[in-house]
Amino acid sequence: MKDCKTGNGCTDSGIEDGIRSLFHAQLLLGKELVRLLGSAGSAAMDRAGAMRLPKGGCGCEIPEPCWMPLPLGEISCQLAPGDKGTVCLVVTNHDFRPHSYQFVASGKSAANVSFSQAGAVLGPKERIAVTATFSVPRDNKGAEDCRCIDHEALIWVRGCRNHYLRWSIDEVAKSKPCCHEVIVDDKPDYVLHWYDHFYIARPCPGAPARVPGGVAVGVVK
């Protein structure tokens, strides 16, 4: 019969070795994780570089307020005295409610512009085509400005928002084709933008020029 041994055979040195091995294993695991994360980050940066993402500012530029008129661009024509040029305004109401539209001209040559109709009511998503016609006077060229432009007018489309087109005419001996089409997408702005709080209703320091009758030139009310 063998004698029973007392104790479980564990010593202090065995416990220390176990703790040391566990610590070493955790250290190796941590180093491996750091290496893997570094490799993944480098690969992601390489992919981002290959995409040629845009560089520059933070994209925090503040645009014009939503109530400012929207430009439709500029067009120019060369017409002989007595001839005409046309612009077809294709207006679409992108709102979910109807809107009234007005078509007017302003500027030094506004009297030479006529419209196929002065106004219209468009329902949701409806569209209309309105023709603006510029008739060059036969015997009243008028004085050129410092840009050597004979005639210039602003074509206004007033709906949910105000849109304007700048139209200039040079008088020549022989007319060139002057028939343009301009798309007017009238869209409401229902989004509350982050930059809206930057705007303030600040009056202009200079008074607008006025013509007889008290109407401000070029001002859309």
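The values are calculated or read from the model by the stated rules, or taken from the named source; none is laboratory data. All values derive from a computational prediction rather than experimental measurement. Heads up, the Cβs are rebuilt from the backbone with ideal geometry, glycines too, and the neighbour counts pull from every protein chain shown.
Things worth noting here:
- Among the conditions (1) modelled with pLDDT of 95 or more; (2) on the phi > 0 side of the Ramachandran plot, the only one that Asp185 does not satisfy is (2).
- All positions within segment 43-80 that are in a loop (DSSP other than H, G, I, E, B), at pLDDT below 80 and either of a type in the set (Val, Ile, Thr) or over 30 Å from Ala201 (Cβ atoms) (or both): Met51, Arg52, Leu53, Pro54, Lys55, Gly56
- First in segment 162-180 and under 13 Å from Gly85 (Cβ atoms) and touching a residue at least 24 places away in the same chain (Cβ under 8 Å), second anywhere and part of a strand (DSSP E or B) and among the basic types (Lys, Arg), Cβ under 8 Å, 6 or more apart: Cys178/Lys84
- Residue count for segment 81-115 satisfying the condition of being assigned to a loop (DSSP other than H, G, I, E, B) and exposed (fewer than 14 other Cβ atoms within 10 Å of the Cβ): 4.
Table: residues versus (1) in a strand (DSSP E or B); (2) of a type in the set (Gly, Ala, Ser); (3) modelled with pLDDT of 95 or more; (4) surrounded by fewer than 18 Cβ atoms within 10 Å (Cβ to Cβ).
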position: Ala129; (1), (2), (3), (4): yes, yes, yes, yes
position: Thr133; (1), (2), (3), (4): yes, no, yes, yes
position: Lys141; (1), (2), (3), (4): no, no, no, yes
position: Ile155; (1), (2), (3), (4): yes, no, yes, no
position: Arg166; (1), (2), (3), (4): yes, no, yes, yes
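- Condition check for Ile149: out of contact with any helix residue (DSSP H, G or I) (no Cβ under 6 Å at 6 or more places or on another chain) and assigned to a strand (DSSP E or B): no
- Scanning segment 168-179 for residues that are surrounded by 12 or more Cβ atoms within 10 Å (Cβ to Cβ) and farther than 13 Å from Thr133 by Cα yields Asp170, Glu171, Val172, Ser175, Lys176.
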